[in-house]
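Read-outs: derived from the displayed coordinates by stated rules, not from any lab. As the structure is a prediction and not an experimental result, all values here were calculated from the model. Here Cβ is always computed from backbone atoms with ideal geometry, including for glycine, and neighbour counts include all displayed protein chains.
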Amino acid sequence: MNRRDFTRTVGASAALAVLGGRVAAGEATGATAQGPPPTEATRPSPLAIAMLVHPDMVLLDLVGPQTVFSLLMAKVHLVWKDAEPVPTDVGIMVQPTTTFAECPEQLDVVFVPGGLKGTVAAMEDREVLDFLARRGRSARYVTSVCTGSLLLGAAGLLQGYRATSHWYVRDLLPMMGATMAVDRVVVDRNRLTGGGVTAGIDFGLTLAGALRGEDYARRVQLVIEYDPKPPYGSGTPETAGAAVADEVRRRRAPLLAAAKQAALRVKARLAT
C-alpha cells in the first residue's frame with residue numbers, strides 16, 4: 001500500500017468511526033447523510049420525533065427506525081411514563097429520555113414499536129392511550145412498526161386509514177376501524193405503518209423520503225448499507241408455507257388470543 005492509499009484508508013476509517021458514534025448517540029448531523037456540511041441557508045430544519053418505549057417491546061422494532069432517524073437531523077425523544085429504564089424482549093434496558101408530561105407538544109413524528117406482550121398490555125393502559133391520542137392529533141406523521149399499529153388503533157388513530165402490522169395480528173386492525181393491508185410498509189396520508197420487526201428499516205427509509213426527500217433517503221440507505229439478502233425464503237407466511245405459519249401461530253396462541261380479546265374490547269369502546 002502506498003502513502004496515498006494509506007491516507008485514504010485512514011480517512012475513510014475515521015469517517016466511519018465518527019458516523020458510528022453519532023448513530024449510537026442518536027444525534028447525527030445532516031453532513032453524515034449528505035456529504036459536505038450544509039450551510040445555514042441549506043441546513044434542513046431540525047425534526048422532532050417521539051418514539052414510545054414500553055415494557056416488553058421488541059428492541060429491533062425501535063432500533064431499526066431509530067438508526068435511520070439518527071441520520072435525519074432529528075431530535076429523538078424516547079418517551080415513557082417515567083424515567084425508569086424499560087425492559088425489552090432481549091433483556092436490554094432502554095433509558096427513556098423524556099416523560100409523557102415533558103414530551104414536546106408539537107412533533108413531526110409519533111412512533112410506536114411493537115412486541116406482542118407489551119402491546120396487549122398497553123392497549124388497555126389509559127395513560128399510554130391518552131398520550132398517543134393527544135400527540136397523534138397534531139403530529140405531522142403517526143407511525144408504527146410491527147404490533148405497534150394495534151396500539152395506534154387502540155388510541156383511535158387508525159380509524160378510516162389503511163394500515164398493516166405483524167402478519168399474525170394484522171387481521172385485528174379492522175376491529176379498530178382500519179383497513180388491513182398486507183404490504184411491508186403502508187402509507188395512507190400521514191399514517192405510516194410497517195410490518196413485523198425487520199420491516200422497521202424499510203419503514204424508516206420510507207419515512208426518511210417523506211421527511212427529507214428521496215435523494216436524502218437513498219444516501220441514508222447507502223450509509224447503513226441496507227441491502228438485505230436473507231438466507232431463507234421464509235420471511236412471510238406465504239413464502240414460509242402453511243405448516244410453518246401454523247406452527248408459529250400455535251406456539252403463540254395464548255398471546256394471540258389475548259390480543260384478539262383486547263382488540264374486541266377496543267372495538268366496543270370506540271363504538272360508544
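Put simply, the amide H of residue 86, placed in the peptide plane, has neighbours under 5 Å in 94, 95, leaving out anything fewer than 5 places away on its chain.
The lysines whose alpha-carbon is closer than 16 Å to the alpha-carbon of residue 117, local same-chain residues fewer than 8 away aside, are 260. Along the range 189-205 the Karplus relation, 6.51 cos²θ - 1.76 cosθ + 1.60 evaluated at θ = phi - 60°, assigns HN-Hα couplings of 6, 9, 9, 10, 10, x, x, x, 6, 5, 5, x, 6, 4, 4, x, 5 Hz to successive residues, with x for each Gly and Pro. Bridges between two residues of the range 115-253, per DSSP, are antiparallel at a rate of about 40%. So which GluC sites (Glu not before Pro) in the range 90-197 end up in coil per DSSP with only 12 or fewer other C-beta atoms within 10 Å? Passing both the DSSP loop test and the Cβ count: 102, 105. Phi angles of the range 107-124 translate, via the Karplus equation with coefficients 6.51, -1.76, 1.60 and θ = phi - 60°, into HN-Hα couplings of 10, 7, 9, 10, 10, 10, x, x, x, 4, 4, x, 5, 4, 5, 6, 4, 10 Hz per residue; Gly and Pro are given as x.
Dividing the convex hull volume of the alpha carbon atoms of the range 214-272 by its residue count gives 182 Å³ per residue.
log10 I(q)/I(0), Debye, Cα-only the range 45-168, no solvent, q = 0.10, 0.13, 0.22 Å⁻¹? The Cα Debye sum returns log10 ratios of -0.26, -0.44, -1.42. The label point for residue 246 and the one for residue 102, both projected 7 Å from the Cα toward the Cβ, are 5.2 nm apart. Evaluating 6.51 cos²θ - 1.76 cosθ + 1.60 at θ = phi - 60° for every residue in the range 51-66, the Karplus couplings come out as 10, 5, 10, 9, x, 6, 5, 7, 4, 5, 4, 7, 6, x, x, 4 Hz, glycine and proline recorded as x. The calculated pair-distance distribution of the range 127-238 uses every alpha carbon pair, bins of 10 angstrom beginning at 0, and gives 15, 43, 31, 11, 0 percent. Of the peptides 54-61, 137-144, 242-249, the ranking by mean beta-carbon count within 10 Å, highest at the top, reads 54-61, 137-144, 242-249.
Amide H contacts for residue 179 (H built 1.01 Å from N in the peptide plane; partners 5 or more residues away or on another chain; cut-off under 5 Å): 160, 161, 162, 163.
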